[in-house]
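The values are calculated or read from the model by the stated rules, or taken from the named source; none is laboratory data. Here the structure is a predicted model, which means the values were calculated and not measured. In this analysis, Cβ positions are derived from the backbone assuming ideal geometry, glycine residues included, and neighbour counts consider all displayed protein chains.
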Amino acid sequence: MALVVGSLFAGATYMLLRRNIVRLLLGIVLLLHSVSLLLFTMTDVRRGVPPIIVEEALAATTPGVPGTASRTGQAQPILGASGQADPLPQVLILLSSMVGFALLLCLLVLVYRIYQTVGSDDLDGLAHMDST
Amino acid sequence: MQNHLFVPLFSPLIGAVLATLIGHWPRLTRRVVYGTVLINLIYGMWLLPRVALDGRQTTRVGTLDAPYGIGLVADGLSAVLVVLAALVTLNAVFFGFATLDRQREQFFFYPLVLLVLLSVNGIVLTGDVFNLYIWFEVLLVAALCLILLGGRRSQLQTGLRYVVLTLVGNLSFLIGCGLLYGIVGTLNIAQASLRLGTLTSPGVSTILASLFLIAWCTQAAIFPLCFWLPGSFDTPPVAVAVLFGGLLTKVGIYALYRCFSLMYPADLVLLGPVLLLLAGMTMLVGILAALVQTDIRRMLSFLLVSQSGYMLMALGLGTEAGLAAGIMLLVHDSIVQSAIFCAGGILEFIARTGNIRQMGGLAQREPVLATVWLIAALALVGIPPLGGFFARLALVQAALQQSAYGIVTVALLTNVLALLPFVTIWHEVFWKPHPAAIPPPHRVTPDQFVPAAVLVSILLIFVLGIGSVVDYSLLAAQQARDAAGYQRDVLGILAEPEPAER
């Protein structure tokens with residue numbers, strides 16, 4: 001997982017540094033994805049444990065979000081006493097990808113306008129300020 | 001539970017929606033927008049003494065209590081920013097009303113301005129790190145649209161630069177949020193500050209602090225990350241520059257003040273020299289770049305960069321006196337920057353160009369405007385008896401207490417150098433006879449002039465009430481640094497350290 005995140009970051013940085021404007025856009029997309037993945041790996045990822053709090057399990061644990069409650073112990077996996085995964089990082093991913101999506105739309109419009117004005121996808125074409 | 005904290009969030013939101021819906025009737029839209037901003041201003045003025053007398057105001061959103069639910073917190077620093085945001089927005093709106101062409105005005109200028117106001121209020125009032133991130137993104141989108149308003153080629157270019165640099169900064173903040181959650185298991189500022197204090201390995205929190213630092217240095221236009229700023233101020237309409245000059249870098253500074261004094265007090269000691277170094281470089285680079293510009297707004301925007309350096313320096317000192325001086329500087333700079341962008345915008349508007357070589361003779365033609373410009377410029381540079389002097393005096397005193405002689409030298413040198421661009425402008429724009437080849441400038445109309453005059457008179461009031469400003473900023477700094485009190489007020493428990501893992 002760490003490797004995937006790392007290589008995504010590397011790819012994103014490479015893309016961001018390119019002159020081509022579509023690559024720049026793709027770089028941002030990759031960056032958004034790698035951050036989401038990073039958020040996902042922040043907690044212990046387990047197969048087949050949905051982050052859903054079961055009613056009776058809730059009563060057994062300390063009140064509040066179960067993942068955080070168990071965090072006071074040392075290197076335990078981040079699971080509530082009832083065994084569900086910590087839902088918060090996934091909420092964070094959901095929110096941040098929503099925000100990222102909105103941003104991406106803005107960027108797409110911007111890039112399209114740039115393409116219309118400059119007539120090429122080369123960032124250097126923009127450098128000539130307001131020559132008209 | 002003080003539910004009045006929702007006022008500065010809901011009023012701009014409702015205002016923005018309304019302004020979008022009735023955008024076809026400009027007069028009605030303006031009234032709605034003025035009303036909304038005025039509500040914010042009045043609310044801020046009411047919040048200011050209340051925070052001073054009753055201490056922190058907190059409330060929660062939804063039904064969950066503090067560490068799990070998302071809370072709103074207002075202390076002295078936030079209250080100051082709420083007032084400033086409303087004030088600057090009010091002037092930008094007035095100025096937009098006077099200078100914008102019809103097409104741009106109808107193209108969602110007012111809703112976007114209100115969204116900027118909303119996100120600034122959100123940033124200063126939230127008690128949750130992730131929420132802070134979301135508000136920064138809202139600010140990013142709203143500011144981007146304002147930069148692009150009009151869609152000239154240079155605007156497209158700066159818009160792209162702004163969005164890419166700021167987005168990378170914000171994503172660094174998001175990574176910071178993720179790591180913070182992984183390490184301390186919370187995103188509530190109060191609880192995080194509680195748990196970060198008990199971490200056994202201090203290196204971890206330094207890494208977090210650095211990630212946050214990168215993010216907000218981008219927002220605050222600190223040196224290696226400051227190059228999005230100049231273009232974003234001189235290509236969009238002037239009213240946008242007035243708004244940005246007062247707010248855009250200031251929220252970055254606010255976030256730095258807030259998180260470093262609450263969450264990373266220990267790392268502040270460690271990172272202090274780095275902050276001072278960055279601050280010094282920002283001041284020098286900003287001022288040197290300003291010296292070689294010939295476009296009036298570009299010059300002002302590089303000066304704005306160098307002012308950010310002072311505010312970072314105030315944080316880097318790591319003392320309460322330093323922070324208080326920083327807050328004073330923040331307040332003063334926010335007002336003075338938007339005043340000077342107003343005045344500079346008027347100059348540009350009547351001369352039809354931003355190039356100072358093509359202006360001239362304005363001291364004779366427009367003596368009142370010249371006076372306003374002069375007061376704003378002197379206040380910005382910090383000539384006594386204007387307010388900037390007192391803020392800098394406090395800052396230098398705080399630095400000398402810490403024996404930080406190097407940064408004091410740089411700060412004073414920058415201050416002397418800051419006079420030079422203004423001397424150049426004064427000479428070129430006001431004293432030099434008007435170049436014969438160029439048609440004479442327009443006259444200033446009163447409605448363009450009012451915002452600048454109002455801001456300058458606020459600056460003068462600032463000087464007269466300097467005693468209470470100093471008192472208030474000391475109080476705000478004390479509140480901002482009082483982590484235990486913050487935890488107590490937000491979490492509603494007596495702060496006792498609980499063990500943090502990893």
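Data overview
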quantity: The range A:10-43, subset more than 17 Å from A:V111 (Cβ to Cβ) and β-branched (V, I, T), residue modelled with the lowest pLDDT; calculated: A:T43
quantity: Among (1) modelled with pLDDT of 80 or more; (2) part of a helix (DSSP H, G or I) - the single one B:F349 does not satisfy; calculated: (1)
quantity: Near pairs, Cβ below 7 angstrom, 6+ apart or cross-chain, from the range B:465-490 (within 19 Å of B:Y264 (Cβ to Cβ)) to any residue that is polar (S, T, N, Q) and not in a helix (DSSP H, G or I); calculated: B:V490/B:T58
quantity: Lone unmet requirement of (1) more than 14 Å from every other protein chain (Cβ to nearest Cβ); (2) touching a Phe, Trp or Tyr at 6+ places or on another chain (Cβ under 7 Å); (3) within 20 Å of B:V163 (Cα to Cα) for B:L117; calculated: (2)
quantity: Residue ID - farthest from the chain's Cα centre (by Cα), chosen from residues in the range B:306-334 that are of a type in the set (V, I, T) and assigned to a helix (DSSP H, G or I); calculated: B:I327
quantity: Residue identified as more than 24 Å from B:E320 (Cα to Cα) and in contact with a strand residue (DSSP E or B) (Cβ under 7 Å, 6 or more places away or on another chain) among B:G23, B:G96, B:G69; calculated: B:G69
quantity: Filter pass, B:A321 being among the aliphatic types (A, V, I, L, M), at pLDDT below 90 and either buried (at least 24 other Cβ atoms within 10 Å of the Cβ) or closer than 19 Å to B:A215 by Cβ (or both); calculated: no
quantity: Those residues of the range B:410-462 which are touching a Gly at 6+ places or on another chain (Cβ under 8 Å), among the charged types (D, E, K, R) and in a helix (DSSP H, G or I), in sequence order; calculated: B:E428
quantity: Scan of the range B:179-200 for residues that are β-branched (V, I, T) and buried (at least 24 other Cβ atoms within 10 Å of the Cβ), ordered by number; calculated: B:V184, B:T186, B:I189
quantity: Residues (of a type in the set (S, T, Y), modelled with pLDDT under 85 and either part of a helix (DSSP H, G or I) or in contact with a His (Cβ under 9 Å, 6 or more places away or on another chain) (or both)) located in the range B:48-100; calculated: B:T59, B:T99
quantity: Residues satisfying the stated conditions in the range B:397-409, i.e. touching a residue at least 24 places away in the same chain (Cβ under 8 Å) and either in a helix (DSSP H, G or I) or within 20 Å of the chain's Cα centre (by Cα) (or both); calculated: B:Q397, B:A398, B:A399, B:Q401, B:G406, B:I407
quantity: Complete set of residues in the range B:123-182 that are outside any helix (DSSP H, G or I) and not hydroxyl-bearing (S, T, Y); calculated: B:G127, B:D128, B:L149, B:G150, B:G151, B:R152
quantity: Failed criterion for B:G176 (all others in (1) crowded, with 24+ Cβ neighbours inside 10 Å; (2) closer than 23 Å to A:M15 by Cα hold); calculated: (1)
quantity: Qualifying residue in the range B:249-262 (condition: under 24 Å from B:V124 (Cβ atoms), touching a residue at least 40 places away in the same chain (Cβ under 8 Å) and among the basic types (K, R)); calculated: yes
quantity: Pairs where the first residue, in the range B:124-141, is facing another protein chain (nearest Cβ under 10 Å) and in contact (Cβ under 8 Å) with a residue 24 or more places away in the chain and the second is part of a strand (DSSP E or B) and among the hydrophobic types (A, V, I, L, M, F, W, C), C-beta under 8 Å, 6+ apart; calculated: B:N131/B:I70
quantity: Filter result for B:Y110 (in a helix (DSSP H, G or I), under 22 Å from the mean Cα position of the chain (by Cα) and within 16 Å of B:V238 (Cα to Cα)); calculated: yes
quantity: Only one of B:S172, B:S154 that is more than 24 Å from A:I114 (Cβ to Cβ), small (G, A, S) and within 14 Å of another protein chain (Cβ to nearest Cβ); calculated: B:S172
quantity: Filter pass, B:I296 being among the aliphatic types (A, V, I, L, M) and either in contact with a Pro (Cβ under 8 Å, 6 or more places away or on another chain) or modelled with pLDDT under 85 (or both); calculated: yes
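Residues are listed down the side, and each one gets a yes or a no for (1) under 17 Å from the mean Cα position of the chain (by Cα); (2) among the β-branched types (V, I, T); (3) under 21 Å from B:A351 (Cα atoms):
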position	(1), (2), (3)
B:T218	yes, yes, no
B:L225	yes, no, no
B:V242	yes, yes, yes
B:G245	yes, no, no
B:A255	yes, no, no
